[in-house]
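The values are calculated or read from the model by the stated rules, or taken from the named source; none is laboratory data. Here the structure is a predicted model, which is why all the values come from computation and not from measurement. Note that we place each Cβ from the backbone using ideal geometry, even for glycine, and neighbour counts take in every protein chain shown.
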Amino acid sequence: MSTPEENFEIARDESNDRSARESAIGGLETANECDSLADLARMDDLDETLRERALAGLAHPQCKLLLRELAEGEDLPDSLRERAETLLDDTPGDTGAGP
């Protein structure tokens, strides 16, 4: 099993095949690595479909704040910002599981 840091590097590295990169992004999502997913979504040199996959990984309550920042900010091209807005609308709010 890869660490979050290894998954981030795998996702960024163009020498890895696409399925390994997508799997690494999935690993980041599973580990709730919101910051790493947001960093991937912001990377101009990353393939747009991988950036969109990273955005989709942010579509859960723990990462909603970062997803909102991406949807409302200037860090993404218009197409990805629109996708972030759609994901934000579809993401449930805090489930209230905390104290």
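General remarks:
- Some residue of the range 44-62 being under 18 Å from Ala84 (Cβ atoms), touching a residue at least 24 places away in the same chain (Cβ under 8 Å) and of a type in the set (Lys, Arg): yes
- Of residues in the range 48-66 being surrounded by fewer than 22 Cβ atoms within 10 Å (Cβ to Cβ) and not in a helix (DSSP H, G or I), the one farthest from the chain's Cα centre (by Cα): His60
- Restricting Ser36, Ser23, Ser19 to those that are in contact with a Phe, Trp or Tyr (Cβ under 8 Å, 6 or more places away or on another chain), modelled with pLDDT of 95 or more and in a helix (DSSP H, G or I) reduces the list to Ser36.
- Of the residues making up the range 67-94, those that are under 17 Å from Glu29 (Cβ atoms) and outside any helix (DSSP H, G or I) are Thr91, Pro92.
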